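The values are calculated or read from the model by the stated rules, or taken from the named source; none is laboratory data. As the structure is a prediction and not an experimental result, all values here were calculated from the model. Ideal geometry is used to build each Cβ from the backbone, glycine not excepted, and the neighbour counts take in all protein chains shown. What goes into the accessible areas is simple: the full protein's heavy atoms, side chains included, and nothing from ligands, DNA or RNA. Shrake-Rupley method; radii C 1.70, N 1.55, O 1.52, S 1.80 Å.
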Amino acid sequence: MAANGSMDVPEISAEWYRDVVDAAASSPEPVQWFVGHATEGVILLLGALLVMAALTRRSGGPHDRALALIAPVPALLAYAGSEWIKTVVDEDRPCRTVGRAIIAGTCPPPGDWSFPSNHSTLAGALAVTTLLLSRRLGLVALPLAALGAFSRVFVGVHYPHDVIAGVLFGALVAVVATPLLARPAAEALRRRADRADRPVPKLAGRTRH
């Protein structure tokens, strides 16, 4: 890492970026259109899958209901963490430094740093949280997350190492945070259920004189 806090870009990542973006520029227009829209749409699809996975847990015991309750939190924590890392690393976007044509149309403005990719971080966190809640839906979410991460390189706004780091960071936050958050939430739900199940004490009738 350079002394000014900005990140030295691995040469292999820069080479992969050039190869992917050059291939994207020469790809058919329908492919460019699809990936250009998928880069945003995948996050919405992953969010919908997470909601579906959470709904499958709502009718279970306290632990299942706790998982449903805290399901969005790991992704929010991962996003916040990736935003903080960006301010520490200060890596310029490849579309500003490499100079290739990009499918995105416009490059994010200066100060909108590249490492790690927020989209990829969210994709990794949403997909892994979905997998922890529902294996069936998680197996759909994982390839979608991979597509979303790749699309950020394809449209030209991230290096490959940005998206790899983002997916891994989001996945790590989801793996660690989901059980840590679910445990106290489940205990709170159990205590609430215990209080609701306790019989209400009857008031003693007045003694007549």
Open item on the list: Per residue of the range 143-159, what does 6.51 cos²θ - 1.76 cosθ + 1.60 with θ = phi - 60° give for ³J(HN,Hα)? Whole Hz please, x for Gly and Pro, Karplus curve as stated.
Closed with: x, 5, 5, 4, 5, x, 5, 4, 4, 5, 6, 4, 7, x, 9, 9, 6
TODO: For the range 126-135, take each phi angle, set θ = phi - 60°, evaluate the Karplus expression 6.51 cos²θ - 1.76 cosθ + 1.60, and give the result in whole Hz per residue in order, putting x for glycine and proline.
DONE: 5, 5, 6, 4, 4, 4, 5, 8, 8, 4
- [ ] For the range 42-162, with all protein chains present and a 1.4 Å probe, just round the carbon and sulfur fraction of the accessible area to a whole percent.
- [x] 67 percent
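To one decimal place, what orientation-averaged projected area in nm² is obtained for the convex hull of the Cα set of the range 40-124?
Working: hull surface 26.0 nm².
Its average projected convex-hull area is 6.5 nm².
Over all directions, average the projected area of the Cα convex hull of the chain and note it in nm².
Values: hull surface 68.0 nm².
So the Cα hull casts an average projection of 17.0 nm².
Averaged across orientations, what area in nm² does the convex hull of the alpha carbons in the range 50-174 project? Don't jump to the answer; show the numbers that get you there.
Details: hull surface 30.3 nm².
Computed as one quarter of the Cα hull surface, the answer is 7.6 nm².
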Open item on the list: Using +1 at the C-beta of Lys and Arg and -1 at the C-beta of Asp and Glu, which of GLN32, LEU49, SER82 has the Cα lying farthest in the positive direction of the dipole of the range 1-93?
Closed with: LEU49
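What's the longest bit of the chain with no exposed trypsin sites (Lys or Arg not before Pro), using DSSP loop states and at most 13 other Cβ atoms within 10 Å as the test? Provide the component values of the computation, followed by the final result.
Working: sites that count: ARG58, LYS202, ARG206, ARG208.
Counting at most 13 other Cβ atoms within 10 Å as exposed, the longest clean stretch of the chain is 59-201.
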TODO: Take peptides 179-186, 68-75, 49-56 and line them up by average Cβ neighbours within 10 Å, highest first, as a rough protection proxy.
DONE: 68-75, 49-56, 179-186
Task: the range 1-94: radius of gyration and largest Cα-Cα distance (Dmax), Å - done: 19.3, 54
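Quick one: net charge of LEU69's neighbours, Cβ under 11 Å, K/R +1, D/E -1?
Working: positive: ARG57, ARG58, ARG65; negative: ASP64.
Counting the neighbours of LEU69, the net charge comes to +2.
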- [ ] Taking the dipole about the Cα centre of the chain, with the C-beta of Lys and Arg at +1 and of Asp and Glu at -1, give me whichever of ALA146, GLY124, GLY111 is farthest to the positive side.
- [x] GLY124
Task: Distance in nm between pseudo-label sites at LEU55 and ALA80 (7 Å out along the Cβ direction from Cα) - done: 2.8 nm
Open item on the list: Suppose a student asked you for the relative contact order of the chain, using Cα pairs under 8 Å spaced at least 6 residues apart; what percent would you report?
Closed with: 29 percent
TODO: Could you work out how far helix 11-25 tilts from the main Cα principal axis of the chain, as a 0 to 90 degree angle to the nearest 10?
DONE: 80 degrees
- [ ] Keeping all protein chains in place, calculate the accessible area per residue for the range 1-84 (probe 1.4 angstrom), answer in Å².
- [x] 58 Å²
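For n ≥ 4 DSSP H runs only, could you compute -39500 (n - 2.57) per run for the chain, divide by its residues and tell me the 222 nm figure to the nearest 500?
Working: 8 runs with 148 residues, N = 209.
After summing the helix terms and dividing by the residues of the chain, the value is -24000 deg cm²/dmol.
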